[in-house]
Amino acid sequence: MEKEKKIEILQDLIRIKSVNNNEEEVALYIKNLLASYDIDADLVEYDTDRSNLIVEVEGAEAESEKTLAFSGHFDVVDVGDEADWSYPPFEAEIADGYMYGRGTADMKAGVAAMIIAIIELKEEGLPFSGKLRFLGSVGEEIGMLGSVQLTEEGYTEDVDALIIAEPTDNIVIYAHKGSLQYEIVSIGRSAHSSLPQEGINALSQMTEFLYRAEKALDEKTAAFENDKLGPMSNSFTVIEGGEQINSIPSKVSVLANARTIPEFDNDDVIQLLNEIIEELNQEMDGKLELNITQSMFPVESSADSDLIHTILDVAGEDLEVKTLAGATDASNFMRVDHEIELAIFSPFVYSEAHTVDEKIKVEDYLSAIDTFKNVALQYLN
């Protein structure tokens, strides 16, 4: 494929406004693009105007049961005030070797690079064995919705290795912590502050919960540590409640985020929180409730896997291999009954994600196509 066509494809994807929705337009664009190269792709509908995409090509060489999956998400985050941007966020303008636009780094450049790699492998006669699959997902930025659906529908059941093209600054990520987002709600009863005994103070109840929960979770942080990911952690981040200064508050809520590890994962945190809540509900007149808003489990692969070695052989032995504190779609894709070799990897800059004037180097995008193509060739042969 000509260089100009590769750049045009990415520009077309950036111009599709898939802000936390509308991913089907992205999926249809890619499906039609692939069809022009005689490659089939299937939409997996999530909701109205929201579809995942599955692409699979089978190598022309001797039969193999090995399956390599490429993956990327189609949604992007909001741009904020477009007046703050130096270049319009959905026009994919190129200046001084950079392409600007929402989703360039996170992560339509990664998606486009993987799709073009598949097209070029098809043009070269698919000179590998086994299968190469692309998993394009909706709703990663809010809830990781598509990867949940695709995993539940079995699209990673036979996957041996998975590459997710999130922006990683050319660092190869092989494991990351989980993320548990939750809300604690304290329900009391309002009364005039001159008659506090007539009410149930939701703020006082929440204060007692926070005291016990922080102590218990700090003990778990000290007790459990993963040799790759470090300790688990928990942060209470937002508090809301009360009606006015001279009223006993009837409702208070707190938002929190735990970063989990295999030794003390999301289920363990939830169980601990529920035990504290049950204990307090027996002691207090009011009520505490736990609401889980997002639960992404930790993932752990090997830094010594065939996939990691393949990437290092192709992209450079001096690349750093490490773990990540954040969470990705791998949290869902890897929840199967067998081990999957994992690499979260691309040359695009992580700090560009979600920013005003988000951008990538065009030369990084073009090199990523070759990297993904050559990794697939080597891994599947």
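The values are calculated or read from the model by the stated rules, or taken from the named source; none is laboratory data. No experiment lies behind these values; they were computed from the predicted model shown. In this analysis, Cβ positions are derived from the backbone assuming ideal geometry, glycine residues included, and neighbour counts consider all displayed protein chains. Surface accessibility is based on the protein's heavy atoms, side chains included, excluding ligands, DNA and RNA. Shrake-Rupley method; radii C 1.70, N 1.55, O 1.52, S 1.80 Å.
When only C-alpha pairs under 8 Å and at least 6 residues apart count, what is the relative contact order of the chain, in percent?
Dividing the mean separation by the residue count of the chain yields 24 percent.
Treating the angle as unsigned and between 0 and 90°, give the value, to the nearest 10°, between the Cα long axis of helix 109-123 and the longest Cα principal axis of the chain.
30 degrees
Treating only the Cβ of Lys, Arg, Asp and Glu as charged (+1, +1, -1, -1), what charge dipole size does the chain show about its Cα centre? Round to the nearest 20 debye.
680 debye
For residue 220, which aspartates and glutamates qualify as cross-link partners when the Cα separation must be under 12 Å and same-chain residues fewer than eight apart are set aside?
263, 265, 268
Given a 1.4 angstrom probe, I'd like the percentage of the accessible area of the chain that is carbon and sulfur, rounded to a whole number.
Carbon and sulfur together cover 43 percent of it.
May I ask which of 322/373; 131/359; 228/361; 122/361 have a Cα-Cα span longer than 28 Å here?
In this structure, 131/359; 228/361 exceed 28 Å between Cα atoms.
Could you compute the net charge surrounding residue 330? Neighbours are other residues with a C-beta less than 12 Å from the C-beta of residue 330; K and R count +1, D and E count -1.
Taking every other residue near residue 330 into account, the sum is -3.
Suppose the Debye formula is applied to equal point scatterers at every Cα of the range 229-381; what is log10 I(q)/I(0) at q = 0.09 Å⁻¹?
Scattering profile of the range 229-381, log10 relative to I(0): -0.49.
222 nm [θ] for the chain, helices only, -39500 (n - 2.57) per DSSP H run of 4+, per residue, to 500?
Helices in the chain give a 222 nm mean residue ellipticity of -10000 deg cm²/dmol.
Give the angle, between 0 and 90 degrees and rounded to the nearest 10, that separates the Cα long axis of helix 306-315 from the longest principal axis of the Cα atoms of the chain.
Compared with the principal axis, the helix lies near 60 degrees.
Could you go through the range 268-279 in sequence order and give the Karplus-derived ³J(HN,Hα) for each residue, using 6.51 cos²θ - 1.76 cosθ + 1.60 with θ = phi - 60°, rounded to whole Hz, and x for Gly and Pro?
3J(HN,Hα) across the range 268-279, in whole Hz: 5, 5, 4, 4, 4, 4, 5, 5, 5, 5, 4, 4.
Would you list 350, 182 from the most to the least accessible area, probe 1.4 Å?
Largest accessible area first, the residues go 350, 182.
With +1 assigned to the C-beta of every Lys and Arg and -1 to the C-beta of every Asp and Glu, and no other charges, what is the dipole magnitude of the range 284-360 about the Cα centre in debye, to the nearest 20?
Computed about the Cα centre, the dipole is about 360 debye.
With all distinct Cα pairs included, what does the Kirkwood hydrodynamic radius of the chain come out to in Å, to one decimal, could you say?
This gives a value of 22.5 Å.
Taking the 0 to 90 degree range and rounding to the nearest ten, how far is the long axis of helix 23-35 tilted relative to the main principal axis of the chain, both from C-alpha atoms?
20 degrees
Any idea how far the Cα center of the range 186-265 sits from the one of the range 312-372, in Å?
35 Å
For the chain, modelled as a GNM with alpha-carbon contacts under 10 angstrom, which of 356, 111, 238 fluctuates the most?
Maximum fluctuation in the GNM of the chain, among the listed residues, is at 238.
Residue 12 to residue 290: extension gain in nm, 0.36 nm per residue of separation minus the Cα-Cα distance?
Extending this stretch completely gives an extra 95.8 nm.
Find the percent of Cα-Cα distances in the range 59-175 that exceed 22 Å, and round it to a whole number.
Here the tail beyond 22 Å accounts for 45 percent of pairs.
Using a 1.4 Å probe, what is the accessible area per residue for the chain, in Å²?
Result: 44 Å² of accessible area for each residue.
Tabulate in residue order the Karplus-calculated ³J(HN,Hα) for the range 159-166, using 6.51 cos²θ - 1.76 cosθ + 1.60 with θ = phi - 60°, rounded to whole Hz; enter x for Gly and Pro.
7, 8, 8, 9, 10, 10, 8, 5
For every other residue with a beta carbon closer than 12 angstrom to the beta carbon of residue 287, add +1 if it is Lys or Arg and -1 if Asp or Glu, then tell me the sum.
Once all neighbours under 12 Å are counted, the net charge is -2.
Taking the chain as a Gaussian network, where each spring joins two C-alpha atoms under 10 Å apart, which residue of 95, 117, 325 fluctuates the most?
95
Work out from phi, with θ = phi - 60° and the Karplus expression 6.51 cos²θ - 1.76 cosθ + 1.60, the ³J(HN,Hα) of each residue of the range 13-20, listed in order in whole Hz, and give x for Gly and Pro.
Result, rounded to whole Hz: 5, 5, 6, 7, 7, 9, 6, 6.
Note down the Stokes-Einstein diffusion coefficient of the range 258-348 in µm²/s, whole number, using a Kirkwood radius over alpha carbon pairs, 20 °C, and 1.002 mPa s.
132 µm²/s
Springs between alpha-carbon pairs under 10 angstrom, Gaussian network model over the chain: which of 59, 188, 136 fluctuates most?
Of 59, 188, 136, the Gaussian network model singles out 188 as fluctuating most.
What does DSSP give for the chain in terms of the percent of beta bridges that are antiparallel, rounded to the nearest 5?
For the chain, the DSSP antiparallel bridge percentage is about 70.
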